[in-house]
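First comes the structure, then the notes that go with it.
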Amino acid sequence: MTSFGQRVRAAFASHGQLCVGIDPHAHLLSEWGMDATPGAARDFGLRVVEAAAGRVGVVKPQVSFFERYGAAGFIALETVMAAARDAGLLVIADAKRGDIGTTMDAYAEAWLTPGSPLEADALTVSPYLGVGALEGTFALAERHGKGVFVLAATSNPDARALQGARTTDGATVAAEVVREVSERNAGTTPTGEWASLGFVIGGTVDWTDAGLQPFSPVAPILGPGFGHQGAEPTHLRDRFGVLSEAVIASESRSILSAGPDGIAARIAERAGLYTAAAAG
C-alpha cells in the first residue's frame, strides 16, 4: 500500500502543486446561474471535478458548503467526492474535525475508512483539544494509506493570537503542534519518504512571526491563502523555503470565479504558473 505522503509526491510529479477548492458558495452558485440547492451544489462540484481531472492532482471540497443543506447536501458531497476519486484525483475533505476519544475516532472512521460513503484521501483536523486526542485518527489514517492535515498556522488573521501564543518553553502554539506531529512522523515514516500526517500552514503566513522552522521528515503542507487571499506561485519559495516542494497550494475563488465555461482554462493557467515557479 502506497502511503498518502508518497501519493501526494506522485501527484505533484504528474500535475504540479495546485489544489482546486470545491466551494459552492451561494454567491458563486448565483454567478454560475444556479440556485442555492443541494442539487446545484452537486452539479457545481461535478463541473469542477470534470475541469480539474487531468490538469491537477488534488481537489479540496469545503464540507460546510454541502453540510448546510443537511442530508441532501451530504449526498451531494458523497457524489462529488466519489467522482473525483474515480477521476484519479486526491480528495482532501476540508472538515476541520476535532474532538476527544471515541467521538474523534468516529469522525475519522466516517472520512478515512475505505468504502465509507464519505471516503476521502485526507481530512483536515483541529488539534486544539490536544494533539494526543488525534492519535486514533492518525493510526486509522496510517492503516488505510490516508492523510491527515493538522491545523498549525492558518491564513486567517483571527488565528494569530491563539496560534502565536507562547507555551511555557517559549515555543508558539503553532510550532508546538508541528513539533508533536513531526515527532510522531519520525517514528513511522521510512527514510526518504514523505510523511502522511501533514499541516495546514497558510500561504500568507510569515514563518518567523508564527515561530515556525523547517521540520523533518518532510510532510505535505496544505497551503490555503493562494489566489484570492493574495499569495502567488512566486511566493512559494519565499514563504516556505526548503519545504516549498511539499506545499499543496490551494486556490478556490480565484479559479471558481471563472465560471462553468472558463474554469478549465483558468485551472490550466494557474497550474502552469506553479509548475514554472517550481522549475525556476
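Identify, from the list R160, R237, the residue that is of a type in the set (D, E, K, R), at pLDDT below 95 and over 25 Å from L134 (Cα atoms). Of the residues listed, the single one that is of a type in the set (D, E, K, R), at pLDDT below 95 and over 25 Å from L134 (Cα atoms) is R237.
The requirement of being surrounded by 20 or more Cβ atoms within 10 Å (Cβ to Cβ) and touching a residue at least 60 places away in the same chain (Cβ under 8 Å) is not satisfied by L89. Helices (runs of 4 or more DSSP H) fully within region 1-114 that include at least 2 residues being more than 19 Å from G227 (Cβ to Cβ), at pLDDT 95 or above and among the charged types (D, E, K, R): 4-15, 38-52, 71-86, 101-112. Within region 245-265, being touching a strand residue (DSSP E or B) at 6+ places or on another chain (Cβ under 9 Å) and over 13 Å from D23 (Cβ atoms) holds for A246, V247, I248, A249.
With respect to the conditions (1) surrounded by 20 or more Cβ atoms within 10 Å (Cβ to Cβ); (2) outside any loop (DSSP other than H, G, I, E, B), V205 lacks only one, and its number is (2).
Residue check: is P260 assigned to a loop (DSSP other than H, G, I, E, B) and of a type outside the set (G, A, S)? Spelling it out, it is not the case that P260 is assigned to a loop (DSSP other than H, G, I, E, B) and of a type outside the set (G, A, S).
So that you can scan it fast, the table gives a plain yes or no per residue for (1) surrounded by fewer than 14 Cβ atoms within 10 Å (Cβ to Cβ); (2) touching a residue at least 24 places away in the same chain (Cβ under 8 Å); (3) aromatic (F, W, Y); (4) under 29 Å from F44 (Cα atoms):
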site	(1), (2), (3), (4)
A186	yes, yes, no, no
G198	no, yes, no, yes
G227	no, yes, no, yes
R237	no, yes, no, no
P260	no, yes, no, yes
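Scanning region 210-254 for residues that are part of a loop (DSSP other than H, G, I, E, B) and among the aliphatic types (A, V, I, L, M) yields L212, V218, A219. If you go through region 141-158 and keep only what is crowded, with 18+ Cβ neighbours inside 10 Å and assigned to a helix (DSSP H, G or I), you end up with A141, E142. Filtering G57, G70 for residues that are surrounded by fewer than 18 Cβ atoms within 10 Å (Cβ to Cβ) and closer than 20 Å to E119 by Cα leaves a single hit, G70.
The values are calculated or read from the model by the stated rules, or taken from the named source; none is laboratory data. The structure presented is a predicted model; accordingly, all values stated were derived computationally and were not measured. FYI the Cβ positions are ideal-geometry reconstructions off the backbone, even for glycines, and counts take in every protein chain you see.
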